[in-house]
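Below is one structure, written out as structure tokens, with a few remarks after it.
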Amino acid sequence: MQKARKLLPALLVTLTVVLLFGSPRLAAGQSRLDRDSVSEFADSYFENALRLSGAPGAVVAVVQGDEVILLRGYGVSDIETGRPTDPRRTAYRLGSITKPLTAIAVLQLAEEGRFDLDDFVRPLLGSLAFPGSETLTVRQLLTHRGGLDSDPTGSLTTKGTADVDLEATRRRLQRVQSPGVPAYDILGFGVLGLLVSQMDGLSFADALERRIFDPLGMTRTFAGLGRSQAAEVARCHISEGPGTARICPEQQLVPAFQGSGSVASTAQDMTRLMRALLGGGELDGQRILSRSAFDRFTDFEQFRFHPRAMGLGLGIRELARGGRLAFGHGGGISGFSNQMDLFPAEGVGVYVGINGGPEQIYEARLSRIPALLEQQRIDPQVAEAISSMERFGAALADELLPKPGSPPELAELDPEDIDAHEVAGFYVFNRFKSNNLLVNLTALGIALEVEELSSNELVIQGMGDYTADGGSVFRAQQGTSWFVFRSRDGRAWISFRGDPYSIYERRSTLESPLFVIQLPLISLALLPLLGALGLRRIRILPGSAALCAIAGTVALLGCLALELELATVLLEVENRPTPVILWRGLAILSLLTIGVAPYYAWTRHGLGRRSPVSRLGALVARLTLTAASISVVAPAAYWIVVTYF
């Protein structure tokens with residue numbers, strides 16, 4: 001009986017997919033959208049939101065069954081020329097909406113018998129095989145469980161072409177964790193794009209054109225440069241405030257990342273893609289996926305964090321849309337934000353493209369930290385306006401579609417109740433795992449500290465109090481936030497709103513910001529000050545200890561600055577490892593120098609002949625120096641072992 005209860009959610013989803021993802025024509029009982037009502041709602045919705053967002057233009061497309069209900073462009077696609085946005089000709093960069101297209105191409109290859117989804121990717125990649133690919137499967141990549149490096153540095157280029165450089169591409173492909181729960185993986189879908197290109201003997205752009213764009217009649221859709229001349233590509237715009245935007249440089253993804261976000265399309269072409277997806281992989285007699293392949297594509301039990309959580313398909317995901325069954329994907333890249341929502345029960349698809357938004361930084365380098373901080377200071381009004389346009393599909397459904405019935409009652413299917421004590425701990429965003437030190441430090445900077453208040457209450461620092469709601473679910477006492485908890489084999493995770501792309505993993509105290517960032521930084525500031533106590537006029541500390549403290553700290557800070565700024569560029573982009581090896585060696589010597597400073601402090605010059613006050617000062621200085629040295633050397637040694645061994 002218990003096993004049957006656990007299987008019920010999966011059966012419900014499977015039956016729904018089989019029954020609903022059929023012909024794109026309206027099924028009996030489906031309510032038809034009124035064109036005038038949709039048009040009026042969209043115009044009023046976007047008029048104010050577009051002005052507040054600072055984005056100069058937007059497009060929106062709504063389909064139902066075989067019909068295009070709305071195809072509308074707003075504003076301009078170039079603030080310098082004033083060129084109007086044309087939903088039939090103006091192409092927007094889709095960002096991560098590329099991922100479902102990459103997944104479709106991969107499923108086509110699997111359907112052709114070229115490989116199985118559970119095959120390892122190493123033999124499929126040929127000359128692009130990389131360490132770790134021998135135990136990495138195609139399915140793991142499709143479900144964001146490949147464990148590849150999340151460092152985006154070097155993923156974009158401003159060059160006119162993005163030709164495949166085999167050596168540069170192979171250097172980017174690094175696995176940093178074993179498969180487990182999903183961690184949103186742009187490089188993983190980049191690998192899938194390389195796989196498609198390798199298997200077809202074509203560029204990724206040409207492979208998608210042959211496999212998807214041509215069969216669906218998407219004549220103004222392309223990857224990379226592709227058919228950019230056939231469409232008027234909107235300029236990249238960054239929102240700076242209500243009614244204000246600036247033009248940003250045109251960039252494209254390098255080959256290692258193209259499968260993740262390189263496609264651009266018009267709103268009109270997106271109507272054809274949405275109709276095909278609502279039609280179970282078929283449009284106007286052309287199939288891009290067989291029925292069985294489409295069922296695998298939309299099998300959201302590939303990963304479901306919790307019975308109340310949204311499921312993850314193959315390159316596509318379930319969406320929380322007010323109790324309705326919906327699926328789709330969003331996509332953002334500098335200058336563009338996109339969202340595609342599909343409501344199979346109603347036969348409705350909604351695509352929104354926004355030509356603006358905050359600047360997105362794709363370089364994890366020390367010199368880019370000011371820009372990253374500036375990015376976080378986006379005008380809240382602008383952020384909310386852009387977010388509201390991305391939620392247009394949900395707003396349209398709530399306003400104009402029939403109200404959904406009661407969702408299935410899953411409370412009795414939930415795991416057993418969890419005590420708040422089991423949840424308490426320190427959690428790091430699962431997406432940020434990398435060989436780039438700055439990426440890892442960033443993850444610690446946005447880590448969550450969860451503390452127990454009582455057996456059924458806990459507090460998340462900076463987010464407020466949460467109360468147990470049964471079945472591993474905790475709800476905010478104020479607001480609508482909620483999260484679910486899951487543990488397995490000594491590991492634990494939480495996911496906000498059950499989002500498979502928003503998972504945090506519990507880490508040990510030794511990996512907390514206190515021990516990895518705060519104490520070492522305080523200690524590095526103290527060490528030179530303590531070293532000054534060894535000066536001739538003060539002489540509370542021996543000169544040798546003072547010299548070690550000062551020299552070791554200065555050298556270590558210099559090496560740290562070089563590591564944060566240049567390591568990824570030199571190792572993975574330019575293939576110049578020698579400088580990195582040199583400064584990493586110097587960093588280890590610096591740590592050893594700091595480590596021996598307490599030894600010299602305690603073994604040189606006793607305390608016997610000093611005055612009581614002087615003896616006390618020397619004792620305090622030596623104890624402080626010892627603590628500061630340990631606070632720097634111990635975390636560094638821990639992370640060196642964890643990272644490289």
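The values are calculated or read from the model by the stated rules, or taken from the named source; none is laboratory data. On a predicted model such as this, the values are computed, not experimentally measured, just so you know. As a convention, Cβ positions derive from the backbone with ideal geometry for all residues, glycine included, and neighbour counts pool all protein chains shown. Just the protein is used for accessible areas: all its heavy atoms, side chains included, with ligands, DNA and RNA removed. Shrake-Rupley method; radii C 1.70, N 1.55, O 1.52, S 1.80 Å.
If the chain linking SER388 and GLU134 were pulled fully straight, counting 0.36 nm for each residue of separation and taking away their Cα-Cα distance, it would gain 87.1 nm.
Legend note: in the chain, cysteines whose Cβ sits 4.7 Å or more from every other cysteine Cβ are CYS548, CYS559. The label point for SER614 and the one for THR81, both projected 7 Å from the Cα toward the Cβ, are 8.1 nm apart. Of interest is the spacing of the C-alpha centroids, which for segment 317-395 and segment 71-133 amounts to 17 Å.
Simple spin-label estimate for SER454 and ALA561 gives 5.3 nm between the two label positions (7 Å along the Cα-to-Cβ direction from each Cα).
Calculate, in whole percent, how much of the Cα-Cα pair population of segment 274-367 lies beyond 20 Å.
Working: 2102 of 4371 pairs.
The calculated P(r) of segment 274-367 puts 48 percent of pairs beyond 20 Å.
Computed extension gain for SER292 through GLU47, at 0.36 nm per residue and net of the alpha carbon distance, reaches 84.0 nm. Over the residues of the chain, the helix contribution to mean residue ellipticity at 222 nm works out to -12500 deg cm²/dmol, using -39500 (n - 2.57) for each DSSP H run of at least 4.
The residues of the chain present an accessible area of 43 Å² per residue when probed at 1.4 Å with all protein chains retained. Label zone of LEU366 (point 7 Å out along Cα→Cβ, amide N under 11 Å): in segment 545-563 this covers 555-563.
For the chain, the C-alpha radius of gyration divided by 2.2 N^0.38 Å, with N the number of residues, is 1.07. Take MET274: with every protein chain present and a 1.4 Å probe, its accessible area is about 0 Å². Between ARG122 and ARG576, what is the label-to-label distance in nm when each label sits 7 Å out along the Cα-to-Cβ direction? Here the answer is 3.3 nm between the modelled labels.
Which FRET efficiency, nearest 0.05, do GLU399 and LEU623 yield, Cβ-Cβ r, R0 45 Å? The partial results should precede the final answer.
Numbers: r = 67 Å, r/R0 = 1.49.
Computed FRET efficiency for GLU399 and LEU623: 0.10.
Taking trypsin sites (Lys or Arg not before Pro) in DSSP loop conformation with at most 10 other Cβ atoms inside 10 Å as exposed sites, the chain has its longest uninterrupted site-free stretch at 160-376.
When the chain is described by a simple charge dipole with +1 on each Lys and Arg Cβ and -1 on each Asp and Glu Cβ, the residue from GLY190, GLY217, ILE630 located farthest towards its positive end is ILE630.
Once the convex hull of all Cα atoms in segment 458-500 is built, its volume per residue stands at 84 Å³.
Taking the empirical scaling 2.2 N^0.38 Å for compact globular proteins as reference, segment 508-625 has a Cα radius of gyration ratio of 1.29.
Quote the relative contact order of segment 267-404 in percent (integer), defining contacts as alpha-carbon pairs under 8 Å separated by 6+ residues. That works out to 17 percent. The residue list ASN435, ALA545, ALA234 was ranked by how far each Cα lies along the charge dipole of the chain toward its positive end, using unit charges on Cβ atoms, and ALA545 comes out on top. Net charge dipole, segment 240-345: roughly 260 debye, given to the nearest 20, about the Cα centre with Cβ charges of +1 for Lys and Arg and -1 for Asp and Glu. Basic side chains Lys and Arg get +1 at the Cβ, acidic Asp and Glu get -1 at the Cβ, and with that the dipole of the chain about its Cα centre reaches some 2320 debye.
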